[in-house]
Amino acid sequence: MSFKELLIINLSLFGAYLIDSSIISFVNQSFVEISTVYLVFFYWSYAAPQQFTLALVILSGILLDFLTASFIGTHTLIFIFFSLVFRSYAYRLRLFSHLQIALIIALLSSIGFTFKYLFIYPEGYLYSKLIFNFFSTIIFWPLIFGICRYLRRHYAYTIK
């Protein structure tokens, strides 16, 4: 993987983090938790499972941990788990419809959300956040998929 592709993937994750934080600060509701970072990560794991290496996953997780001021390894563990799932099932998932993929990604996002809040930050865990996260993931997946696909096709030529 070239430096340009590495930069595009990490910049897209950083952009997703900025979108997450701006939505949370703009809406200012306790139940709003949209995981666009997870959606962008899911896209890169789904679209390029062989090129999205474990070193890149760990680097992205640690950078996100520094950005969010969370414990070192919080996002890294979640990203490693998701990376292993997508590395194992990425080509099988391509046989499913877009709605089925959105449901699977919403389920995985809910698992990551539960790990993050129930085990790491238990004071911030609300079931309303989990439900909102599940349905917002289903709704926003086609949009994130389209944006990341555009970035991959127009700026990262060698990622297949």
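The values are calculated or read from the model by the stated rules, or taken from the named source; none is laboratory data. In this text the structure is predicted, and so the values were computed from the model without any measurement. So basically every Cβ, Gly included, is an ideal-geometry build from the backbone, and we count neighbours across all protein chains shown.
Among the residues of region 24-47, which ones are surrounded by 15 or more Cβ atoms within 10 Å (Cβ to Cβ) and over 14 Å from the mean Cα position of the chain (by Cα)?
Within region 24-47, 32 is the sole residue that qualifies.
Six or more apart or on different chains, Cβ atoms under 6 Å: show the pairs whose first residue is in region 54-80 and surrounded by 16 or more Cβ atoms within 10 Å (Cβ to Cβ) and whose second is outside any helix (DSSP H, G or I).
Listed by first residue and then by second, the contacts come to 65/72.
Please enumerate the residues belonging to region 81-118 that are more than 20 Å from residue 50 (Cα to Cα), of a type in the set (Phe, Trp, Tyr) and surrounded by fewer than 17 Cβ atoms within 10 Å (Cβ to Cβ).
Of everything in region 81-118, just one residue is more than 20 Å from residue 50 (Cα to Cα), of a type in the set (Phe, Trp, Tyr) and surrounded by fewer than 17 Cβ atoms within 10 Å (Cβ to Cβ), namely 115.
Would you pick out the residues in region 27-51 that are within 23 Å of residue 117 (Cα to Cα) and either in contact with a strand residue (DSSP E or B) (Cβ under 9 Å, 6 or more places away or on another chain) or in a helix (DSSP H, G or I) (or both)?
Once the filter is applied, which keeps residues that are within 23 Å of residue 117 (Cα to Cα) and either in contact with a strand residue (DSSP E or B) (Cβ under 9 Å, 6 or more places away or on another chain) or in a helix (DSSP H, G or I) (or both), region 27-51 yields 27, 36, 37, 38, 39, 40, 41, 42, 43, 45.
Among the listed residues 21, 88, 97, identify the single one that is under 16 Å from the mean Cα position of the chain (by Cα) and not aromatic (Phe, Trp, Tyr).
Within the list 21, 88, 97, the selection yields 21.
Is it the case, given these coordinates, that residue 60 is assigned to a helix (DSSP H, G or I), within 22 Å of residue 146 (Cβ to Cβ), at pLDDT below 90 and not acidic (Asp, Glu)?
So residue 60 passes the test.
Which numbered condition trips up residue 69, out of (1) modelled with pLDDT of 85 or more; (2) at positive phi; (3) among the aliphatic types (A, V, I, L, M)?
(1)
Does residue 55 satisfy the criteria of being touching a Lys or Arg at 6+ places or on another chain (Cβ under 7 Å) and modelled with pLDDT of 85 or more?
Judged against the criteria, residue 55 is not a match.
Which one is modelled with the lowest pLDDT, of the residues in region 117-160 that are of a type in the set (A, V, I, L, M, F, W, C) and not in a helix (DSSP H, G or I)?
So the residue we want is 159.
Please specify each residue of region 69-83 satisfying the condition of being over 20 Å from residue 7 (Cβ atoms) and touching a helix residue (DSSP H, G or I) at 6+ places or on another chain (Cβ under 9 Å).
Within region 69-83, 70, 71, 72, 73, 74, 77, 78, 80, 81, 82 meet the criteria.
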